[in-house]
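The values are calculated or read from the model by the stated rules, or taken from the named source; none is laboratory data. Everything numeric here is computed off the predicted structure, so don't read it as measured data. All Cβ positions, even for glycine, are placed from backbone atoms using ideal geometry, and neighbour counts span all protein chains on display. The protein model used for the area step is the full one, side chains on, heavy atoms only, and it has no ligands, DNA or RNA in it. Shrake-Rupley method; radii C 1.70, N 1.55, O 1.52, S 1.80 Å.
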Amino acid sequence: QLPFLKKSPNTPTREYFFALEIDHGLVKSAVWSVINDKPQVLAVSSNQSWDDKTEDSLTTAADAALSDATSHLDPTGKVDIHKVIFGLPADWVGADKISSPQLHHLKALSEKLDLRPVGFVVTPEAATKYLQSTEGVPPTTILIGFWPHTLEITLVRLGKIDGTHLVQKSSHLADDVVEGLSRFSDIDMLPSRMLLYDSGIDLEEVKQLLLAHPWQA
């Protein structure tokens, strides 16, 4: 509010972007910007549920997530953000293109919420690139995403994704993971490391459950 802190007319205004992550049954949003030539996340929304089927349900959840993230950045509501990058589940994309039914959902969502899509990433691929960036070497690991009704199991070897399988979640999570891994039938040896990402559940409990499983057997 101080006059000497106001930007001069020649100072470019910082541009803000949305990231909208859509998963099976959940939507989450973030506001980010490029600061010192690096992307930085400035605010993150809470998880919003949707029915994993209908366009209206997805739009309602996305609207709530975007509004929540914006309120954390600027409670006054003066920040106006339109550009968005979508984070999508692996089964929404094939041959580097968004599948037709899902593309229709995203177009309708963008029109109703006045968004301008500037790109999309597949969540497991984004996680793999992030790991390579932070660890400095191409990762070899099993990525496991936990959503309300499904598990998303991705095999990554030397930074390359061999595939992703979705498994219906039951009360026996370790058995669900075994089921997903068994679908990589052409792989002789699986990576020894598993990395978990979540939908708001207690991952420490899941971690201990998986550590207790007799994998060697």
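In this simple spin-label approximation, residue 72 and residue 134 carry label points 7 Å from Cα along the Cα→Cβ vector, and these lie 1.6 nm apart.
Working with all protein chains in place, sort 76, 140 by solvent-accessible area computed with a 1.4 Å probe, largest first.
Result of the area sort, largest leading: 76, 140.
Translational diffusion of the stretch 145-217 was estimated from the Stokes-Einstein equation, with Rh taken as the Kirkwood radius over Cα pairs; at 37 °C and 0.692 mPa s the coefficient is 254 µm²/s. The residues packed around residue 86, meaning those with a beta-carbon under 12 Å from its beta-carbon, carry a net charge of +2 if Lys and Arg are +1 and Asp and Glu are -1. In the chain, taking the dipole from charged Cβ atoms about the Cα centre, the farthest positive-side position among 216, 203, 98 is held by 98. A convex hull fitted around the alpha carbon atoms of the stretch 79-207 yields 151 Å³ per residue. Note on residue 147: accessible area is roughly 10 Å² with a 1.4 Å probe, heavy atoms of protein only.
Amide H contacts of residue 99 (H built 1.01 Å from N, in plane; Pro and chain starts excluded): 93, 94 sit under 5 Å, all sequence-distant by 5 or more or on other chains.
Each Lys or Arg adds one and each Asp or Glu takes one away; over the other residues whose Cβ falls under 9 Å from the Cβ of residue 48, this sums to -1. Each residue, residue 207 and residue 95, gets one label point 7 Å from its Cα in the Cβ direction; the gap between the two is 4.1 nm.
In the stretch 1-160, the ratio of gyration radius to Kirkwood radius, Rg to Rh, stands at 1.01 when only Cα atoms are counted.
Among 130, 16, the order of accessible area from largest down is 130, 16, computed with a 1.4 Å probe on protein heavy atoms. Using Cβ point charges alone (K and R +1, D and E -1), the dipole size of the chain about the Cα centre works out to roughly 880 debye.
For residue 25, the residues whose modelled amide H falls within less than 5 Å of its own, excluding neighbours fewer than 5 places apart on the same chain, are 50, 52. For residue 198, the accessible surface of its heavy atoms amounts to roughly 60 Å² (probe 1.4 Å, protein chains only, rounded to the nearest 10).
Computed over protein heavy atoms with a 1.4 Å probe, the accessible surface of the chain works out to 60 Å² per residue. Taking only protein heavy atoms and a 1.4 Å probe, the accessible area of the chain is 53% carbon and sulfur.
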